[in-house]
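Each remark here refers to the structure printed beneath this line.
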4 protein chains.
Amino acid sequence: MLILNMKELLIQYNAIRQHTENICMPLAREDYVVQPVMDVSPPKWHLGHSTWFFETFVLKPHFTAYTEFDSQYNFVFNSYYETIGARVIRTDRGNLSRPSVDDIYSYRQHVNDAMRTLLAGPLTKELTGIITLGLHHEQQHQELLYTDIKYILGHNPLFPAYSTTSVYQEPVVVNTRFLTIPAGIYEIGHQGKDFCFDNEQGRHKVYLGEYKIADQLVTNGEYLAFVKAGAYQDFRYWHAEGWDWVKKNDISGPLYWHLVGGRRMCYTYAGLQELDLSAPVCHISYYEAAAYAAWKGLRLPTEAEWEIASQQFKWGARWEWTNSAYLPYPGFTKAPGAVGEYNGKFMVNQMVLRGASVMTPEGHSRHTYRNFFHPQHQWQFTGIRLAE
Amino acid sequence: MLILNMKELLIQYNAIRQHTENICMPLAREDYVVQPVMDVSPPKWHLGHSTWFFETFVLKPHFTAYTEFDSQYNFVFNSYYETIGARVIRTDRGNLSRPSVDDIYSYRQHVNDAMRTLLAGPLTKELTGIITLGLHHEQQHQELLYTDIKYILGHNPLFPAYSTTSVYQEPVVVNTRFLTIPAGIYEIGHQGKDFCFDNEQGRHKVYLGEYKIADQLVTNGEYLAFVKAGAYQDFRYWHAEGWDWVKKNDISGPLYWHLVGGRRMCYTYAGLQELDLSAPVCHISYYEAAAYAAWKGLRLPTEAEWEIASQQFKWGARWEWTNSAYLPYPGFTKAPGAVGEYNGKFMVNQMVLRGASVMTPEGHSRHTYRNFFHPQHQWQFTGIRLAE
Amino acid sequence: MLILNMKELLIQYNAIRQHTENICMPLAREDYVVQPVMDVSPPKWHLGHSTWFFETFVLKPHFTAYTEFDSQYNFVFNSYYETIGARVIRTDRGNLSRPSVDDIYSYRQHVNDAMRTLLAGPLTKELTGIITLGLHHEQQHQELLYTDIKYILGHNPLFPAYSTTSVYQEPVVVNTRFLTIPAGIYEIGHQGKDFCFDNEQGRHKVYLGEYKIADQLVTNGEYLAFVKAGAYQDFRYWHAEGWDWVKKNDISGPLYWHLVGGRRMCYTYAGLQELDLSAPVCHISYYEAAAYAAWKGLRLPTEAEWEIASQQFKWGARWEWTNSAYLPYPGFTKAPGAVGEYNGKFMVNQMVLRGASVMTPEGHSRHTYRNFFHPQHQWQFTGIRLAE
Amino acid sequence: MLILNMKELLIQYNAIRQHTENICMPLAREDYVVQPVMDVSPPKWHLGHSTWFFETFVLKPHFTAYTEFDSQYNFVFNSYYETIGARVIRTDRGNLSRPSVDDIYSYRQHVNDAMRTLLAGPLTKELTGIITLGLHHEQQHQELLYTDIKYILGHNPLFPAYSTTSVYQEPVVVNTRFLTIPAGIYEIGHQGKDFCFDNEQGRHKVYLGEYKIADQLVTNGEYLAFVKAGAYQDFRYWHAEGWDWVKKNDISGPLYWHLVGGRRMCYTYAGLQELDLSAPVCHISYYEAAAYAAWKGLRLPTEAEWEIASQQFKWGARWEWTNSAYLPYPGFTKAPGAVGEYNGKFMVNQMVLRGASVMTPEGHSRHTYRNFFHPQHQWQFTGIRLAE
């Protein structure tokens, strides 16, 4: 998403803010409220939090005519920004019936009105930067909205559908080949003037030995063979902590897979469906991705290997687990103030994912984008690309 | 509630079922959904569960023309009745956005329609008994609805009011006196043909020594003196497990008490209000009630003492903690089948409360009524009557 | 144990203190140290704690010539006496390798020397009372020593024997009959000048309806029939919290029962042995005792029923679970000071056991003795007597 | 440790096995048994486990004349080797009083006798390799023995000394300078024929940008300034998970630091001592190391930076936290069988430490050695070297 001028920024603002609300359109009021597990936020919290970002970082410090909507909302919709004030413990978000969904839509309207006034006038480069960050932040929450909605509906015993029409187009995987990338010094990290997050900055040289990498993703059918081979009962393929996770949580396959009367089913946005064997496997943890690779006698690529090779293959259907831990690039520094908490504080105990997923908003993906999750997380649209 | 004939049973059915819905009238849709702690159920669950009772124990076995509303609801709205099927773990109720509130009101309508047809015809005595039990069961959930709604709104940082009009009338406590009851053999337990729960049955003799018992409840003002005397920092007044509970949970007073800018406030159905010092103290655990009594050099009455003396004082504002553990009366036996799980299985680790509270539905209290909660629970309208 | 004069008190002191050490004689040094679960204390802690009692309540306040052995020991060997100082959290006792066992035996010697000097002179009645309490306290810990040692060795994968010679004589149960006790007013509670604990005091009238009670205990063979009938898989016999306990802890029978190659074995002080079907069942929780009674269509006696009937049957092999919660007798008051914490603070959430067990020290049992444990505890020598 | 011939292997075997026992010489019998926290093993377990390694991987498969000491020991002394059999849950090791310490010394003698017989004859290269691995494994446990003993004694309220004579010599840090290392392609990883662990193998090229690295470690005095500056109360310096760790565990400084009557004290092998301000800071977690670096406006080195620069500075006093996650080197593969579980399965959620510590056995350190711990661990002799 490259912003060319102020007029375009306003167009982008309107489009992105509207898209968030469109995602929520099919929801029942009740679906906005619940938080089945700590890592899933209630949809109404996403609606409020992405609005709070603009109110807190743009309007309150930079738009003197702005009147705060409700001073309590800072407490409710703050996430992890310790600089701004006491946060609501994540696990408590699902306990809050108020503000109501209507209140939050009014809040969005109130902030949108002020933002549109602000965007009509001249803006400093710094402010343009913060607004652009806010839009990318909202796009991140759009993807989380989709995944959290899927989790909420997919863990309800009634298995309600989100939508009767197709939400996205699944790729078909055929004839996977391994590309060979020669050894050498390469450069990774963001370059150019387009927007990127702070964790992508600091383009730098890396040395890579020769490697091979698959041009397509592992499919449901291939992963099913791994399941049927008894891999969830064989510790040899797993990290020690992965094996503990499997046993403690009785994991026997990807999230949303169900065996119903002998048939392999899968919860989708359209409800329970027959498992599509030629589609890329989805909703697997890093532990599962690494175990699958070990079972194949192969491995996951590093994030540098992925970034270099990704010029030569199609990607964008799954966030792809790499074997790189989420760590700062050389020269990484946090921005001062609350925005500086954006990424750096999470750089421990998480693994990097590269690519994008079918749920990623248009214009919100790059070869250099670094996503990251804890190794046990399954609820994102994650997948596996093998390397050798 | 004495049922005189079938016509009156229908009138009672309509009135009680309607009252449940009236209690929910002031709620926002979102308020129906959340479950802040394990012991609080979402209002929509109460609406569904009290309906499920009639569907499961009356309509399905006894009304052949009945068509089940949705076979999944048994799984969702069952509570603790192991005989009927797998229950939803209590702590998970707040994760279920579906069935929606509208669906549940449709479910109520569907069951009400069938019940009214059934109630228009002749009924066996057994069936009348089960329907009567269902109505008392629903009244129990009406009180829980009130207390759970208070918990949900009173633990929201916005402290929203439930109602702008007064929900109940609080008694004023003045000139508390101690009544003296002579030693002797007394009889306790239910007698007569009116409805009572199984745990009240088995009227039996008990021997009581002479005792004194207060004719009124301990007030907020009296309890505040206990707080100010540092009793929450002095283990001497507490049971060992009560003291652990105080320290582990940082308890410093009754639930809903807040110190705001030096003023003693209290969350009520009308929002935060100044603490009313002459009203009976409310929302205290058994541990607190017992510690208060110890601090006064007095004690709590036993349930038998309470039942005998209650002919001579006014009660009904608070459920009153007794010093009796919840145990079976002589000759207690469980009814066969699922209804037999009603009370007996809870007869361990709980304390008996006697009386009724300002939130108890009219006609749902008796001198012999035995309520029971775990000793750490504060969320009910509990109070203290002293004995000596 | 009736103390007739000072000389006899010294004899009792010497005998009881020696017996504690005799119990530990067969232990390896390592056995003194471990604490496998929170409710089991390391033997060396029992040795120190029972000594600390005399140092703290007798020597330091009443014997001016006494020199404290080590001021840190108060911190280490205190148990639950909040008045005396910060206690070591029970669960931490197994983390302390020091004081060493040798140090603790030196501590015992040091305190014994001082006590013997003190006991040679005249004593006030109050001091005699405290010393007598200390001896009964030590006898309580002798029984705990036996049960904790059994737990430590019986949960070791090597199943080491405690002793090659017989530790106690097991009764044989044959021809169990039910005694009928007529209705009437009875008196229970301690009377006379002999020692008793504060929780037995306050002899008082109770009214009992007619009841029947078994003259002998339930046997291993009878209990095995309950196990084989699938009772651990059938919620109907259990309290709700008992059923949760069974499922959460995978309970399938009494503690120390093992199925080894199809044979029913039982860990004893002599190691693994064939289960003795005619001996009284042992090491069962209240939940199990109550479920067994429910399965038989019978019930457990109340403590008053037990006390009255116990004049007519033999007892003393098992602590017998009653269906009475542990609550104060009428007129119960705590003694002032730390000794007042002895019993009253535990009067919630526990059930009363009556009788005594094969491990109870001689002279340490009475018809009025009230033992108490939480309903899930199996590690004591508990048993079942049925009532009707 | 380079093994030149069989005779030298026997000498090494004897020396290393003896050294393990020497470390335990000052212990009281009770110190061998306890396990205060999950990550600390009882000394007697280390004695048995390092012996079990030789029995399981050398004697049983390769020495036909060998008679197993006790078949139960495999169950007790196995650690994480899933291939070999059910492991004892780490947290349970402190519950096992048996085998006794004497039994374990007999076990050591039994295995040593067999090993010496075996080492007198000719050995295959493979077997020499496994024995060498066993000796390095034992050296790892020697260091753990020291750290676990320190933890056990240093968490006892009596603060007993391990030794009255000096256990090691602490370096004095003065005039720390930053070395500049030019950008370029470097090689890291083990080369040559000497022993190394599998995780060091696969020498490979890395590209490093220019960097600066301190020639000495951060001192207690420097770290004290960080503490006094209030860094433990300021979230800005911490990873989000580090900040949660600080708050949840009330961390206020390095392990073993105590403020006693206003004086800064530190538990050492000689008991509580005045904090030595010029010695390197010790017993800090990765979170603390990273926060300290952030507070200084600097950073921790990566493991590649450390390995290259370590030719130019002295090291060996502290295991030094790097900012590298523990991941496989290019081409890493697990060995087949149980020995293959040695390292690879731990390559997630841990950080690499480089160097060695004052407690590392002689001959057990290399420039390429990769140690690893979870980021919250403080109990090792960890330290901080800054980079820029």
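A few remarks follow.
- Phi to ³J(HN,Hα) by Karplus 6.51 cos²θ - 1.76 cosθ + 1.60 over the range D:305-320, Hz, x for Gly, Pro: 4, 4, 4, 5, 6, 5, 5, 10, 9, 7, 8, x, 8, 9, 5, 9
- Estimated at 0.36 nm per residue, the fully extended path between B:Ser252 and B:Ala229 surpasses their Cα-Cα distance by 7.1 nm.
- Candidates A:Gly134, A:Gly316, A:Gly184, ranked by Gaussian network fluctuation over chain A, Cα under 10 Å, top entry: A:Gly184
- Helix-derived mean residue ellipticity, 222 nm - over the protein assembly as shown, DSSP H n ≥ 4, -39500 (n - 2.57), to 500: -10000 deg cm²/dmol
- Look at A:Phe159, A:Phe54, D:Phe372 and count the other Cβ atoms within 10 Å of each Cβ; fewest to most, that gives A:Phe159, D:Phe372, A:Phe54.
- Peptide A:320-330 - average C-beta neighbours from other chains (10 Å radius): 3
- Nearest-0.05 FRET efficiency for D:Gln18 and D:Leu298, computed from C-beta distance (R0 35 Å): 0.20
- Ranking D:Ala161, D:Ala65, D:His239 by how far each Cα lies toward the positive end of the dipole of chain D (charges on Cβ) leaves D:His239 at the top.
- Spin-label model distance (nm) - B:Glu362 vs A:Asp215, 7 Å beyond Cα toward Cβ: 8.1
- Between B:Gln109, B:Gln201, B:Gln140, the GNM of chain B built on Cα springs shorter than 10 angstrom shows B:Gln109 fluctuating the most.
- Proximal lysines relative to D:Lys205, as straight alpha-carbon distance under 16 Å, when same-chain residues fewer than 8 apart are discounted: A:Lys205
- Placing a label point 7 Å from Cα along the Cα-to-Cβ axis, D:Glu68 is separated from the same position in the other copies by 5.3, 5.4, 7.1 nm, shortest listed first.
- Inter-copy label distances at D:Trp295, shortest first and taken from points set 7 Å along Cα to Cβ: 4.2, 4.7, 6.2 nm.
- For the range A:60-68, the Karplus equation 6.51 cos²θ - 1.76 cosθ + 1.60, evaluated at θ = phi - 60°, returns couplings of 4, x, 10, 10, 5, 6, 6, 10, 4 Hz by residue, with Gly and Pro reported as x.
- Length-normalised contact order of the range D:178-383 in % [C-alpha pairs under 8 Å, at least 6 apart]: 24
- Set of lysines near A:Lys228 by C-alpha distance (under 18 Å), chain-local residues within fewer than 8 positions excluded: A:Lys247, A:Lys296
- Taking Cβ atoms as reference points and 12 Å as the exclusive limit, the residues near B:Tyr329 contribute a net charge of -1, counting Lys and Arg as +1 and Asp and Glu as -1.
- Global form of the range C:160-206, assessed from the alpha-carbon gyration tensor, a/c cut-off 1.5: oblate
- Placing a label point 7 Å from the Cα of B:Phe63 along the Cα-to-Cβ direction, the residues of the range B:103-128 whose backbone N falls under 18 Å from that point are B:104-128.
- Selection among C:Gln380, C:Met265, C:Ser252 by position relative to the dipole of chain C gives C:Ser252 as farthest towards the positive end (Cβ unit charges, Cα centre).
- Here the range D:110-159 is treated with +1 on each Lys and Arg Cβ and -1 on each Asp and Glu Cβ, and its dipole about the Cα centre works out to around 60 debye.
- Shielding by other protein chains, C:345-352, mean Cβ within 10 Å: 6
- The mean sequence distance of close C-alpha pairs (under 8 Å, at least 6 residues apart), as a share of the length of chain B, puts its relative contact order at 18 percent.
- Over all other residues within a Cβ to Cβ distance under 11 Å of D:Val246, the charged ones net out to -3, with Lys and Arg as +1 and Asp and Glu as -1.
- The range A:194-273 and the range A:320-359 have Cα centres lying 20 Å from one another.
- Counting only other chain Cβ atoms within 10 Å of each residue's Cβ, the peptide D:153-160 averages 5.
- The local environment of C:His377, defined by Cβ-Cβ distances under 11 Å, has a net charge of -2 under the rule Lys, Arg +1 and Asp, Glu -1.
- GNM flexibility winner over chain C from C:Ala225, C:Ala325, C:Ala309 (Cα, springs under 10 Å): C:Ala225
- Lys, Arg +1 and Asp, Glu -1 on Cβ, resulting dipole of chain C about Cα centre, debye, nearest 20: 360
- The protein assembly as shown: C-alpha gyration tensor shape, a/c 1.5 cut-off, then a/b vs b/c: oblate
- Gyration tensor verdict on chain B (Cα atoms; rounded if a/c is under 1.5, prolate if a/b is larger than b/c, oblate otherwise): oblate
- Beta bridges by DSSP in the protein assembly as shown, antiparallel share as percent, to the nearest 5: 95
- For chain C, DSSP calls about 95 percent of its internal beta bridges antiparallel.
- For B:Ser163, label point 7 Å along C-beta direction: distances to other copies, nm: 4.3, 6.9, 7.7
- A:Glu388-A:Lys205 pseudo-label distance in nm [points 7 Å out on the Cα-to-Cβ vector]: 3.0
Every number in this text was worked out from the coordinates using simple rules, so none of it is lab data. This structure is a prediction, so every number in the text was calculated from the model and none was measured. A quick note on method: Cβ atoms are made from the backbone with ideal geometry, for glycine too, and the neighbour counts reach across all protein chains shown.
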